[in-house]
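Student: Encoded as structure tokens, here's the structure I'll be asking about.
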Amino acid sequence: MFWNEKAECMPREEIEELQLRKLQATVKRAFNKIPFYNKKYTECEVFPEDIETLKDIEKLPILTKDDLRASYPFGLFAVDQKEIVEVHSSSGTTGKPVVSGYTKKDLEIWAEVISRGLKMMGLDENDIIQNTHGYGMFTGGFGVHYGVLNIGATIIPISTGQTRRQVEIMNDFGTTCLIFTPSYGLHLGEVAKEEGVDPTKVGLKAIGFGSEPYTEEIRQRIQKTFNAPAYNIYGLTEIMGPGVGMECSAQNGLHIAEDYFYPEIIDTNTGKILGEGQKGELILTNLEREGMPVIRFRTKDITALHYDTCECGRTHVRMDRITGRADDMIKVKGVAVFPSQIEKALLKVSDVEPHYQIIVTRPDILDEIEVKVEASQSLFFDGVKEMMNVQNKIADYIQNEIGIRVKVTLVEPKSLPRATKGKAKRVIDKRNLH
Ligand code: DLL
């Protein structure tokens, strides 16, 4: 089933022609309308007319999250604020978040790419789609919502949480598709069983899940729990939100909507562009975005691209499931957490040393973080009660910083490994996501 067969099955030469035209227009607009790009490109001595082929994109500088953050809040908008009809922002980052702005046309494009994905999942106007993504600054809620309206299906905009209610509604309303993060989906399945609802009997046709990494085993578990195929959805706030990549019935990677997004893969260490099938860091460019065109954004997400035509007939490139990050960001319970935030919280507490380790585990289905911190010599001799107080205080500070409660364990002074060369290994990820 296609939403836009012409666009999704376009021969490669046509895709590339279209991409070049759109890239040239985007670079020109960014250069003329956004002082940030004008300055950056002038400094690098690269100008819109230098983009004569698609490969010329490599002449343009790559942008990091910090580059975007420096323009907080509206510095990257290419249109007057009155043209912007909606804004979203990334969650749980250090410092200021990145704000993403959309014109009416941008919202239409967002709806278009999500619609294509919903069709890939076999859904149409007869379906009832329960969207458990948060409605708010997070892009998951509204992005999926617009796509569902666009294909004429019925949306249940329940948002996240209230898990018992979610169970009741999916059972009573005859939900045919659930949209969730993998960790929330597994939790939902468990709560359903506790509530006496057999999730395999709800009659789901499909599941759309994303926003955080998962393993193939987790997919299998979700599919078994709900007795329905689960399709990966990829996206990020800076570039638009969910819908940048969506998985088709082949369940063999995500099709990037190449008429709207241009992907590249680089070697994280050398910055060298990598070829088809080689694993590296994904760089994304908005090819058609009025409100906030982002050019060559370093996502830090690790994947590889495949250009052969998919068995579903689509020609758009497929990206592998994300298997890791080039930085130390961890996503726990849907929230992006950076070690620096934990560090910031720890620095507010006396009685502890600035030596810590963040251990991420998945004991059963939900991710958990434990922060191990070295107690000071004096605290260590003060006894258990005082240690417990300090542990709680630290957990409060961390919660304040990242929004979720984590387990804090004080350990003996000088017991954590030191960084003997290069960077300290702050995060120990025991989830085995690869
Ligand atoms: O998570 C957008 C989204 C919402 C995608 C709903 C899918 C469904 P951010 O909060 O800005 O946006 O987080 C973006 O999340 O750079 C990845 O590291 C991670 N991520 C997103 N989708 C996936 C996925 C939304 N399917 C960051 N698999 C990205 C693995 C994902 N990681």
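The values are calculated or read from the model by the stated rules, or taken from the named source; none is laboratory data. What you see is a predicted model; the values in this text were computed from it and never measured. We place every Cβ from the backbone using ideal geometry, glycine too, and count neighbours over all the protein chains shown. The protein model used for the area step is the full one, side chains on, heavy atoms only, and it has no ligands, DNA or RNA in it. Shrake-Rupley method; radii C 1.70, N 1.55, O 1.52, S 1.80 Å.
Student: Step through the table entries Lys65/Lys425; Lys272/Lys300; Lys55/Lys105; Lys331/Lys430; Lys40/Lys82, compare each Cα-Cα distance with 20 Å, and write down the pairs that go over it. Provide the component values of the computation, followed by the final result.
Tutor: On the way: Lys65/Lys425 22 Å; Lys272/Lys300 14 Å; Lys55/Lys105 28 Å; Lys331/Lys430 13 Å; Lys40/Lys82 26 Å.
Cα-Cα > 20 Å for Lys65/Lys425; Lys55/Lys105; Lys40/Lys82; rest within.
Student: Taking amide hydrogens as modeled 1.01 Å from N in the peptide plane, which residues meet the under 5 Å criterion relative to Ile156, leaving out close sequence neighbours?
Tutor: Ile129, Gln130, Asn131
Student: If you take the charge dipole of segment 165-219 about its Cα centre, with +1 on Lys and Arg Cβ and -1 on Asp and Glu Cβ, which of Ile218, Ile179, Gly189 is farthest toward its positive end?
Tutor: Sorting the options by dipole projection puts first Ile179.
Student: Using a Gaussian network model of the chain whose springs link C-alpha atoms within less than 10 Å, name the residue from Phe261, Phe31, Phe381 with the highest mean-square fluctuation.
Tutor: Per the Cα network of the chain with a 10 Å cutoff, Phe381 tops the list.
Student: Show the residues, 5+ positions off or on another chain, whose built amide H is closer than 5 Å to the amide H of Leu236.
Tutor: Placed amide hydrogens put Gly241, Val244 under 5 Å from Leu236.
Student: Right, something else. Could you report the chain's accessible area per residue, 1.4 Å probe, as an integer in Å²? Kindly include the intermediate steps, with their values, before the conclusion.
Tutor: Values: 19010 Å² over 434 residues.
Averaged over the residues of the chain, the accessible area is 44 Å².
Student: Pairs of Cα atoms under 8 Å, at least six residues apart: use those to get the relative contact order of segment 288-434, whole percent. Mind dumping the intermediate values first?
Tutor: Numbers: 206 pairs, mean separation 32.1, N = 147.
Across segment 288-434, relative contact order equals 22 percent.
Student: What value, in deg cm²/dmol to 500, does the helix sum -39500 (n - 2.57) over DSSP H runs of n ≥ 4 give at 222 nm once divided by the residues of the chain? Write down the numbers at each step before the final one.
Tutor: On the way: 12 runs with 138 residues, N = 434.
After summing the helix terms and dividing by residue count, I get -10000 deg cm²/dmol.
Student: Continuing with the same structure: Mind pulling the per residue volume of the convex hull built on the Cα atoms of segment 203-284? Å³ is fine.
Tutor: Numbers: hull volume 9.7 nm³, N = 82.
Per residue, the Cα convex hull of segment 203-284 comes to 118 Å³.
Student: Then there is this: Could I have the simple spin-label model distance between Lys39 and Asn4, label points 7 Å from Cα toward Cβ, reported in nm to one decimal?
Tutor: My value for the distance between the label points is 3.4 nm.
Student: I need the peptides 133-140, 397-404, 46-53, 157-164 ranked by packing, meaning the mean over residues of other C-beta atoms within 10 angstrom, with the highest value on top. Numbers along the way, then the final one.
Tutor: Details: 133-140: 21.4, 397-404: 17.8, 46-53: 13.8, 157-164: 15.4.
Descending mean neighbour count gives 133-140, 397-404, 157-164, 46-53.
Student: Please work out the FRET efficiency for the pair Ala250 and Arg165, using the Cβ-Cβ distance as r and a Förster radius of 35 Å; give the result to the nearest 0.05. Show your work: numbers first, answer last.
Tutor: Details: r = 34 Å, r/R0 = 0.98.
Calculated value: 0.50.
Student: Keeping the other protein chains in place, figure out the carbon and sulfur percent of the accessible area of the chain, with a 1.4 Å probe.
Tutor: Numbers: 9280 of 19010 Å².
Summing carbon and sulfur atoms, their accessible area is 49 percent of the total for the chain.
Student: Distance from the Cα centre of segment 343-420 to that of segment 296-334, in angstrom?
Tutor: 33
Student: Just for the chain, what percent of DSSP beta bridges are antiparallel, to the closest 5? The partial results should precede the final answer.
Tutor: Numbers: 38 of 61 bridges.
For the chain, the DSSP antiparallel bridge percentage is about 60.
Student: May I ask you to evaluate 6.51 cos²θ - 1.76 cosθ + 1.60, the Karplus curve with θ = phi - 60°, for each residue of segment 153-167 and list the ³J(HN,Hα) values in order in whole Hz, giving x for glycine and proline?
Tutor: Couplings: 7, 9, 9, 9, x, 6, 6, 8, x, 6, 4, 5, 5, 4, 5 Hz.
Student: Something else: Taking K and R as +1 and D and E as -1, what net charge do the other residues with C-beta under 10 Å from the C-beta of Tyr184 add up to? List each step's numbers first, then the result.
Tutor: Values: positive: Lys333; negative: Glu212.
Taking every Cβ under 10 Å from that of Tyr184, the sum is 0.
Student: Pull out the extension gain between Asp364 and Arg12, defined as 0.36 nm times the separation in residues minus the alpha carbon to alpha carbon distance; nm, one decimal.
Tutor: Contour length minus the Cα-Cα distance gives 122.4 nm.
Student: With all protein chains present, calculate the accessible area of Ile109 using a 1.4 Å probe and round the result to the nearest 10 Å².
Tutor: 10
Student: A further question follows. What distance in nm separates the simple spin-label points at Asn227 and Thr309, each placed 7 Å from Cα in the Cβ direction?
Tutor: Simple spin-label model gives 3.7 nm for this pair.
Student: Sort Asp124, Asp396 by accessible area with a 1.4 Å probe, largest first.
Tutor: Working: Asp124 30, Asp396 85 Å².
Greatest to least solvent exposure: Asp396, Asp124.
Student: Please give the contour-minus-distance gain from Val85 to Tyr72: 0.36 nm per residue of separation, less the Cα-Cα distance, rounded to one decimal in nm.
Tutor: 2.9 nm
Student: Now for a different question. Determine the dipole magnitude for the chain: charges of +1 sit on the beta-carbon of Lys and Arg, -1 on that of Asp and Glu, nothing else is charged, the reference point is the Cα centre, and the result goes in debye to the nearest 20.
Tutor: Numbers: 55 positive and 63 negative charges, 205 e Å.
Rounded to the nearest 20 debye, it is 980 debye.
Student: If I build a Gaussian network model for the chain, linking alpha-carbon pairs within less than 10 angstrom, which residue out of Ile179, Ile114, Ile342 has the largest mean-square fluctuation?
Tutor: Fluctuation is largest for Ile342.
Student: Could I ask something else about it? If you take the charge dipole of segment 330-429 about its Cα centre, with +1 on Lys and Arg Cβ and -1 on Asp and Glu Cβ, which of Pro354, Phe381, Ala336 is farthest toward its positive end?
Tutor: Farthest along the dipole direction, towards plus: Ala336.
Student: Using Cα pairs under 8 angstrom and six or more residues apart, how large is the relative contact order of segment 362-433, in percent? Write down the numbers at each step before the final one.
Tutor: Working: 59 pairs, mean separation 28.3, N = 72.
39 percent.
Student: For segment 340-434, take the convex hull of the Cα atoms, compute a quarter of its surface area, and give me that in nm², please.
Tutor: Its Cα hull, projected and averaged over all orientations, spans 6.9 nm².
Student: Multiply the residue gap between Asp267 and Lys344 by 0.36 nm, knock off their C-alpha separation, and tell me the result in nm, one decimal place.
Tutor: On the way: separation 77, 0.36 × 77 = 27.72 nm, distance 3.02 nm.
Result for the pair: 24.7 nm of gain on full extension.
Student: Just the Kirkwood number for the chain, please: inverse of mean 1/r across all distinct Cα pairs, in Å, one decimal.
Tutor: Working: mean 1/r = 0.0434 Å⁻¹.
After inverting the mean inverse Cα-Cα distance, the result is 23.0 Å.
Student: Something else about it: Provide the solvent-accessible area of Ser415, counting protein heavy atoms only and rolling a 1.4 Å probe, rounded to the nearest 10 Å².
Tutor: Only protein atoms counted, so the area is about 60 Å².
Student: List the relative contact order of the chain as a percent without decimals, with contacts defined as Cα pairs under 8 Å and 6+ residues apart.
Tutor: Relative CO of the chain lands at 14 percent.
Student: Next up: Could you give the dipole magnitude of segment 330-429 about its Cα centre, charging the beta-carbon of Lys and Arg +1 and that of Asp and Glu -1, in debye to the nearest 20? Could you put the intermediate results ahead of the total?
Tutor: On the way: 16 positive and 14 negative charges, 79 e Å.
Rounded to the nearest 20 debye, it is 380 debye.
Student: With a 10 Å cut-off between alpha carbons and a GNM built on the chain, which of Tyr307, Tyr146, Tyr184 moves the most?
Tutor: Answer for the Gaussian network model of the chain: Tyr307.
Student: Ok, one more. From the phi of every residue in segment 38-52, what ³J(HN,Hα) in whole Hz does the Karplus formula 6.51 cos²θ - 1.76 cosθ + 1.60 yield, where θ is phi - 60° and glycine or proline is x?
Tutor: Karplus values, whole Hz, x for Gly and Pro: 4, 5, 4, 5, 5, 4, 8, 6, 10, 10, x, 5, 6, 8, 9.
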